[in-house]
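What follows is a short report on a single structure.
The values are calculated or read from the model by the stated rules, or taken from the named source; none is laboratory data. This one's a predicted model, so the numbers in the text were calculated from it and none came from an experiment. For neighbour counting, all protein chains shown are included, and Cβ atoms are generated from backbone atoms with ideal geometry for every residue, glycine included. Note: areas computed on protein heavy atoms with side chains; ligands, DNA, RNA excluded. Shrake-Rupley method; radii C 1.70, N 1.55, O 1.52, S 1.80 Å.
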Amino acid sequence: MIKELPVRAIFVFVIGFTLLTGCQSAYYSAMEQVGIHKRDIMVDRVEDAADAQQEAQSQFKDARQALSQLTQFDGGELQAAYEAVDSQYQQSHDAVTRVRERIDALESVSEALFDEWEEELDLYTNRRLQRDSEQRLRQTRKEYERLRDAMRRAEKTMTPVLNTLQDNRLYLKHNLNARAIGALQGELDALSGEIDRAVADMQRAIQASDRFIQTLN
């Protein structure tokens, strides 16, 4: 992770300048002025994306547990039952949104880094160093593409989970009775399978993140 900058005033300037321009290239340039380069930001965003996936894993498991308890409903406040399902959907939706945003942020800095790296190959005067850097670029890009694909696969498996949670939430909202809760029992097995697939794919992406960071270090 990127460590806190030693000079608060500089950090405030960087953030303020970025907000003013609203431009990623301006952000990267400003960060480089204080010694934080695209490679550092890339590592940080890989870790951020992995953290978001870990949080989503935990949230999906919580949602499954909550719905499992709901299917054992044997009387009580029906409105509270609906609110429990609605809360799990909202929290899961937020968790998935964070994952998607962090993958997008990683892709943004990665594209900028690789473009810059490739452009600067032409600046070398030492052919040996140029070839070595070019080979390193190809290897790093290949490893990154594996990571990106793993993250995007995991992201896709989240959609069926959200859809099922949304369906259950809407069904309860408009059919707020004990029979409606009973009807959800048949949905739990399908949801559980979707969550297992999503959690497994996210775990593979998290492991890919660890491997990629090791190659950069």
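The number of residues in segment 117-140 being touching a helix residue (DSSP H, G or I) at 6+ places or on another chain (Cβ under 7 Å) and surrounded by fewer than 15 Cβ atoms within 10 Å (Cβ to Cβ) comes to 4. In this entry, residue 81 passes the filter for residues that are among the small types (Gly, Ala, Ser) and either within 15 Å of residue 168 (Cα to Cα) or touching a strand residue (DSSP E or B) at 6+ places or on another chain (Cβ under 8 Å) (or both). What do you reckon, is residue 116 part of a helix (DSSP H, G or I) and under 30 Å from residue 27 (Cα atoms)? In short, yes. Filtered by the rule that a residue be in contact (Cβ under 8 Å) with a residue 24 or more places away in the chain, under 25 Å from residue 55 (Cα atoms) and of a type outside the set (S, T, N, Q), segment 166-183 gives a lone residue, 169.
If you take the residues in segment 186-204 that are small (Gly, Ala, Ser) and under 16 Å from residue 69 (Cα atoms), which one is surrounded by the most Cβ atoms within 10 Å (Cβ to Cβ)? Filtering segment 186-204 for residues that are small (Gly, Ala, Ser) and under 16 Å from residue 69 (Cα atoms), the one surrounded by the most Cβ atoms within 10 Å (Cβ to Cβ) comes out as 192. Would you say residue 168 is of a type outside the set (Asp, Glu) and out of contact with any helix residue (DSSP H, G or I) (no Cβ under 7 Å at 6 or more places or on another chain)? Answer is no for this residue.
Residue 106 satisfies every condition listed in (1) under 15 Å from the mean Cα position of the chain (by Cα); (2) closer than 15 Å to residue 60 by Cβ; (3) open to solvent by less than 30 Å² (accessible area, probe 1.4 Å) except (2). When you scan segment 87-99, how many residues do you find that are of a type in the set (D, E, K, R) and either surrounded by fewer than 17 Cβ atoms within 10 Å (Cβ to Cβ) or not in a helix (DSSP H, G or I) (or both)? Residues in segment 87-99 being of a type in the set (D, E, K, R) and either surrounded by fewer than 17 Cβ atoms within 10 Å (Cβ to Cβ) or not in a helix (DSSP H, G or I) (or both): 1 in total.
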